[in-house]
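Below you'll find the structure, written out as structure tokens, and then a few comments.
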Amino acid sequence: MLLLMAQGLDAQVLPRVPEYDVEEKGPPAGYIDVAALASNALGEFGDLVGVGGGVNLSAKVFPIEDFRNVRLRADLGFVIYGSETIPTCLTDPCRVMADIETTNNIFYMGLGPEIVLAQGRLEPYVYGTVGGSVFNTESGLKEMGDSERHFKTNHLTDWIFAWRAGGGVRLVISEYYLVDFGVEHHGNGVANYLTKGDVIDNPDGKVSINPRRSEANLLTFRLGMSFGIGSHISR
């Protein structure tokens, strides 16, 4: 009887536990950066305009996945380096008032490599880009207390080739969230531009502009966040 029971137990097949693929979220496929800028104009340009502010957007991908310290970087941003607001009457008598707002802007874009020098809690990096800058001055009518301008008029636009070189350090909160501190030199070369007071209202009601031409380089200081996008799934 004991022999028969032992043979019966040997004949039983225990059910197999199904095997599942375990998916783990890998490193980001790229990064998107959003940063606020403070600008400091250089040389003769700096003597005329001083400091300004703006916004920078960057996108970074890895051309070679096995070398994640090397990235391809695309930048897009703008700097407002001067503005002027003049109250005006829209009716006679002056029962309806508004502001004429004039802004001096630089829009820029660039593409180039970025190299992360070390990885860890802190990520120092350097980069360089080539692209273009657009110097633009325009005026618009804005209701008092309103942020939107109407009836915009362009006074000057100058497109130029430009290069940029910079660096900084990122504080790694996680692989997908980093705080970014950086500085960048904008090599705009010689440009045509306007500054505060160069759009002149004449007594006869006409408007004159006094364009300037010089080297228009500047430094920008950056504080922002870097967000990982996409992911590589490992099994």
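The values are calculated or read from the model by the stated rules, or taken from the named source; none is laboratory data. Model, not experiment: these values are computed from the prediction. Please note: Cβ atoms are built from the backbone with ideal geometry, for glycine as well, and neighbour counts cover all protein chains shown.
Observations on the model:
- Only residues that are of a type in the set (D, E, K, R), without any contact (Cβ under 8 Å) to a residue 24 or more places away in the chain and either on the phi > 0 side of the Ramachandran plot or buried (at least 17 other Cβ atoms within 10 Å of the Cβ) (or both) were counted in the stretch 148-179, giving 0.
- Residue check for Gly189: free of Cβ contacts under 8 Å to residues at least 40 places away in the same chain and under 23 Å from Ala74 (Cβ atoms): yes
- If you go through the stretch 63-77 and keep only what is surrounded by fewer than 18 Cβ atoms within 10 Å (Cβ to Cβ) and either of a type outside the set (A, V, I, L, M, F, W, C) or in contact (Cβ under 8 Å) with a residue 12 or more places away in the chain (or both), you end up with Pro63, Glu65, Asp66, Arg68, Asn69, Val70, Leu72, Ala74, Leu76.
- Filtering Gly189, Gly182, Gly205 for residues that are closer than 30 Å to Tyr31 by Cβ, out of contact with any Asp or Glu (no Cβ under 8 Å at 6 or more places or on another chain) and of a type outside the set (Phe, Trp, Tyr) leaves a single hit, Gly182.
- Per the listing Glu44, Glu65, the residue uniquely assigned to a loop (DSSP other than H, G, I, E, B), farther than 19 Å from Thr157 by Cα and among the acidic types (Asp, Glu) is Glu65.
- Scanning the stretch 215-235 for residues that are of a type in the set (A, V, I, L, M, F, W, C) and part of a loop (DSSP other than H, G, I, E, B) turns up just one, Ala216.
- Some residue of the stretch 71-90 being in a loop (DSSP other than H, G, I, E, B) and either touching a Ser or Thr at 6+ places or on another chain (Cβ under 8 Å) or at pLDDT 85 or above (or both): no
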